[in-house]
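Participant: Right, I'll just put the structure down here and ask away after.
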Amino acid sequence: MQVVRLSMPLFFIVLSVAYALLILQLPQATLGDPLAPIYFPLAICIGLFLFAIIDLIQVMKEKGEKDTEDLQLLVQKSTLITIGVIILLCLAYTLLFDYAGFLLSTVVFLVVLLFYLNGLKKWRMNVLVTGIVSFSTWFIFSHLLEISLPGFGG
Amino acid sequence: MEWSIIIDGLFTALEPMNMVWLIFGALLGTIVGILPGLGPATGVAVLIPLTFGMNPVSALILMSSIYYGALFGGSRSSILINTPGDGSSIAATFDGYPMTLKGQAGQAMSIAAMASLFGGIMAIFGFIFLAIPLAQFALNFGPAEYFMLFLFTLSAVVALSTGKMIKGFVAMFAGLAISTVGIDLQSGVHRFTFGVPHFTDGINFIVIIIGIYALGEVLYNMFPKKKGQQPKNDQAIGSKWFTKEQWKRSLGPIFRSGPLGFFLGVLPGSGGTISSLLAYSTEKQLSKRKDEFGKGAVEGLVAPESANSSAAVGSLIPMLTMGIPGSGTTAVMLGALVMIGITPGPLLFENSPDLVWTLINSMFIGNLILVIINILMVGMLIKVLRTPANVLYPIVLVLSFIGAYTLGYSTIDFYLLIIAGLIGLLMRVLDYPVAPLILALIVGGEMEQNMRRASIIYESPQAIFFASPIATTLFFLTLLSLSYPLILKLFKWRKGTGTGASM
């Protein structure tokens with residue numbers, strides 16, 4: 001559990017180091033103070049690094065403390081699998097969206113997600129929700145609000 | 001003050017199309033608020049794309065009605081199933097749910113709705129008299145003052161992350177770091193764009209907001225349900241109307257908590273959660289029936305409801321007059337306003353008085369409509385609670401993706417959305433406050449530009465802090481807000497209590 005707790009401060013430490021490296025590669029400004037675009041990010045980088053280190057120390061000190069209910073639920077295998085599947089489906093939706101367009105990719109995404117979450121027994125509800133949500137959002141956004149959503153083939 | 005402008009605003013608010021958006025937003029907001037896990041910020045964030053094809057007045061009416069509709073709705077789920085929709089509805093569980101257990105759910109909901117109505121109305125009057133002077137005062141602000149104001153806002157939000165200030169700072173700096181992505185407006189230097197043209201305008205903060213609030217919320221709700229969180233809809237509603245005795249006991253708390261909530265709402269960072277909790281503890285201190293609190297005391301329900309509602313109106317003042325979002329929801333709204341071409345700031349009141357006063361009048365009408373919705377449609381609203389989570393959350397996911405897509409018409413934003421969702425989930429589980437990250441992300445760009453402009457004017461960075469009496473005052477307020485938790489700790493230590501006033 002401590003690994004999960006440490007993940008966030010470590011992530012922010014890595015982020016601040018990567019950020020520092022990127023700041024060093026920033027080109028100088030040709031107008032005014034050549035280093036002007038660097039000052040603000042640099043101050044942020046130092047702040048992020050320092051507070052992430054303090055946070056890391058605090059989290060390390062908490063070792064042995066009772067885990068919160070949320071943390072216990074997160075590290076359960078079933079929760080991790082559900083979240084993992086949802087994220088994978090979201091990524092698949094992202095890849096499909098450009099090629100298949102909004103309507104087809106949303107139908108596929110929703111139907112797979114609903115069947116995964118509700119099972120085969122509730123097939124009527126899954127199909128109905130997929131149909132209603134996909135077509136009504138398509139109609140509302142594309143026709144009523146005139147917001148262009150990609151059609152078939154991107 | 002020109003009352004004719006206010007009257008014109010009333011007529012504009014009463015136009016049929018605006019009324020349709022108002023009722024639609026109030027109903028939608030109530031439903032969003034009732035559904036456990038979906039708060040006003042998520043509600044507004046997910047529904048932002050709806051406002052893109054609208055005129056600015058209707059868009060603002062829709063967003064604000066969703067906002068206070070969700071606040072009303074949030075307390076419904078607090079009262080009925082002991083599950084607050086968001087932080088500002090927590091206090092409604094203390095006495096609202098015990099009232100439900102006593103078979104007084106209907107009475108609890110109707111009196112809470114009346115408390116929200118009166119809290120909202122008091123705050124609207126506060127808005128009418130305070131917003132213009134504040135906007136005129138804001139005209140004195142130059143780059144140094146704005147920079148200091150942003151600094152103070154961020155420090156206040158971090159300082160109010162009680163018990164997790166370090167994590168608040170980490171979140172704030174992370175938000176500021178994201179805000180630096182994109183082309184630097186003063187020098188034209190591309191910063192952290194990785195050669196991706198989509199990032200030259202920076203990372204759209206609404207994508208991050210939708211990711212953290214909506215996707216993060218969906219993932220969080222995929223956790224197995226905790227004990228005591230299972231919706232129970234078998235509670236008897238009882239009478240839908242409160243008694244004369246209950247109303248008599250409520251009047252004092254409603255009229256004390258309304259102004260309290262309003263002033264806390266105006267302060268950056270305070271927001272609905274703190275004002276409702278403070279109103280609750282204040283009423284408990286003042287009450288002759290202290291022992292009834294927590295067991296279904298009507299005062300314990302109406303005080304936070306009145307404060308919460310008026311804080312929501314109060315928090316719109318710094319957002320509209322100075323472009324300073326004081327809470328997560330107003331941050332989301334500010335982002336949406338900018339997207340639809342409204343620039344909040346002191347000149348908004350001079351350049352678009354119709355917009356501002358239509359909004360104020362719509363808030364007044366909206367509060368009345370919400371009371372009707374929440375009292376007459378109690379039975380129907382309770383059915384909303386029965387929406388299976390496994391149906392609701394996939395729909396929220398699709399709306400989030402549409403929202404992200406319509407902002408930049410690129411699926412690159414989908415990846416950012418997914419990453420933000422995962423970060424939002426981890427931040428929630430590991431107790432990192434989200435508000436500092438969101439606020440920093442939104443004000444970061446402006447903060448940097450003002451800092452650089454001010455350092456050119458005053459020729460040294462440290463001179464910014466003492467550029468004017470306003471800047472110096474804000475500098476000391478920043479120091480005070482950051483040292484406030486330490487002072488409080490010291491004070492408690494000297495008193496030897498070790499704990500705060502119990503709720």
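Participant: Based on alpha-carbon centroids, what's the gap between the stretch A:109-137 and the stretch B:358-423 in Å, whole number please?
Facilitator: When both Cα centres are located, 19 Å separates them.
Participant: Give me the net charge for the shell around B:GLU2: Cβ to Cβ below 14 angstrom, other residues only, Lys and Arg +1, Asp and Glu -1.
Facilitator: Net charge around B:GLU2: -3.
Participant: Moving on to the next point. Run the numbers on the stretch B:1-125 and let me know its relative contact order in percent, using alpha-carbon pairs under 8 Å that are six or more apart.
Facilitator: Worked out over the stretch B:1-125, it gives 23 percent.
Participant: Additional query: For the protein assembly as shown, what does the helix formula give at 222 nm: sum of -39500 (n - 2.57) over DSSP H segments with n ≥ 4, over the residue count, nearest 500 deg cm²/dmol?
Facilitator: About -24000 deg cm²/dmol.
Participant: Would you mind calculating the relative contact order of chain B from Cα pairs under 8 angstrom and at least 6 residues apart, reporting the percent as a whole number?
Facilitator: 28 percent
Participant: On to the next question. Taking Cα pairs under 8 Å and at least six residues apart, what relative contact order does the stretch B:317-412 come out at, in percent?
Facilitator: Averaging sequence separation for qualifying contacts and normalising by length gives 17 percent for the stretch B:317-412.
Participant: Okay, moving on. Round to a whole angstrom and tell me the spacing of the C-alpha centers of the stretch B:38-104 and the stretch B:116-137.
Facilitator: 21 Å
Participant: Summing Lys, Arg as +1 and Asp, Glu as -1, what charge do residues with Cβ under 15 Å from the Cβ of B:THR193 carry, B:THR193 excluded?
Facilitator: Here the count lands on -2.
Participant: Within a Cβ distance under 15 Å of B:LEU14, other residues only, what is the Lys/Arg minus Asp/Glu net charge?
Facilitator: Charge balance in the 15 Å sphere: -3.
Participant: In square nanometres and to one decimal, what's the mean projected area of the convex hull around the Cα atoms of the protein assembly as shown?
Facilitator: Across all orientations, the protein assembly as shown yields a mean hull projection of 29.4 nm².
Participant: Which percent of the accessible area of the stretch B:32-182 is formed by carbon and sulfur heavy atoms (probe 1.4 angstrom)?
Facilitator: Carbon and sulfur together cover 70 percent of it.
Participant: Based on Cβ point charges of +1 for Lys and Arg and -1 for Asp and Glu, what charge dipole magnitude is obtained for the stretch B:271-322 about its Cα centre, in debye rounded to the nearest 20?
Facilitator: Magnitude of the dipole: close to 140 debye.
Participant: Scan around B:SER327 for amide H atoms under 5 Å from its own, H built in the peptide plane at 1.01 Å from N, and keep only partners 5 or more places away or cross-chain.
Facilitator: B:GLY269
Participant: Where only protein heavy atoms count, and the probe is 1.4 Å, what is the accessible area per residue for the protein assembly as shown in Å²?
Facilitator: So the protein assembly as shown comes to 41 Å² accessible per residue, rounded to a whole number.
Participant: Treating only the Cβ atoms of Lys and Arg (+1) and Asp and Glu (-1) as charged, compute the dipole magnitude of the stretch B:264-411 about its Cα centre; round to the nearest 20 debye.
Facilitator: Result for the stretch B:264-411 is approximately 480 debye, rounded to the nearest 20.
Participant: Which loop GluC sites (Glu not before Pro) in the stretch B:382-462, with loop taken from DSSP, have no more than 13 other Cβ atoms within 10 angstrom of their Cβ?
Facilitator: Filter output for the stretch B:382-462: B:GLU459.
Participant: Now a separate question. Is the shape of chain B rounded, prolate or oblate, going by the alpha carbon gyration tensor and its root eigenvalues a ≥ b ≥ c, with a/c under 1.5 for rounded and a/b larger than b/c for prolate?
Facilitator: rounded
Participant: Hey, got the dipole for chain A? About the Cα centre, +1 on K and R Cβ, -1 on D and E Cβ, debye to the nearest 20?
Facilitator: 600 debye
Participant: Within 10 Å of each Cβ of A:33-46, how many other protein chain Cβ atoms are there on average?
Facilitator: 6
Participant: Sticking with this one: Looking at the stretch A:11-105, which GluC sites (Glu not before Pro) are DSSP coil and have at most 13 other C-beta atoms within 10 Å of their C-beta?
Facilitator: Those that pass, being in a loop and sparsely packed, are A:GLU62, A:GLU65.
Participant: State the Cα centre-to-centre distance between the stretch A:4-50 and the stretch B:149-196 in whole Å.
Facilitator: 11 Å
Participant: Peptide A:119-126: average number of partner chain Cβ atoms within 10 Å per residue?
Facilitator: Partner-chain Cβ atoms within 10 Å, mean over residues of A:119-126: 1.
Participant: Can you pull out the trypsin sites (Lys or Arg not before Pro) in the stretch A:2-103 whose DSSP state is coil and whose Cβ has at most 16 other Cβ atoms within 10 Å?
Facilitator: The qualifying sites are A:LYS63, A:LYS66.
Participant: Give the average, rounded to an integer, of partner chain Cβ atoms located within 10 angstrom of each Cβ in B:418-426.
Facilitator: Counting other chains' Cβ atoms within 10 Å and averaging over B:418-426 gives 3.
Participant: Just the number, please: buried accessible area between B and A, total of both chains, 1.4 angstrom probe, nearest 100 square angstrom.
Facilitator: For B against A, buried area totals roughly 5500 Å².
The values are calculated or read from the model by the stated rules, or taken from the named source; none is laboratory data. None of the values given here were measured: they were computed from a predicted structure. Heads up, the Cβs are rebuilt from the backbone with ideal geometry, glycines too, and the neighbour counts pull from every protein chain shown. When the accessible area is computed, the model is the full protein with side chains, heavy atoms only, and any ligands, DNA or RNA have been set aside. Shrake-Rupley method; radii C 1.70, N 1.55, O 1.52, S 1.80 Å.
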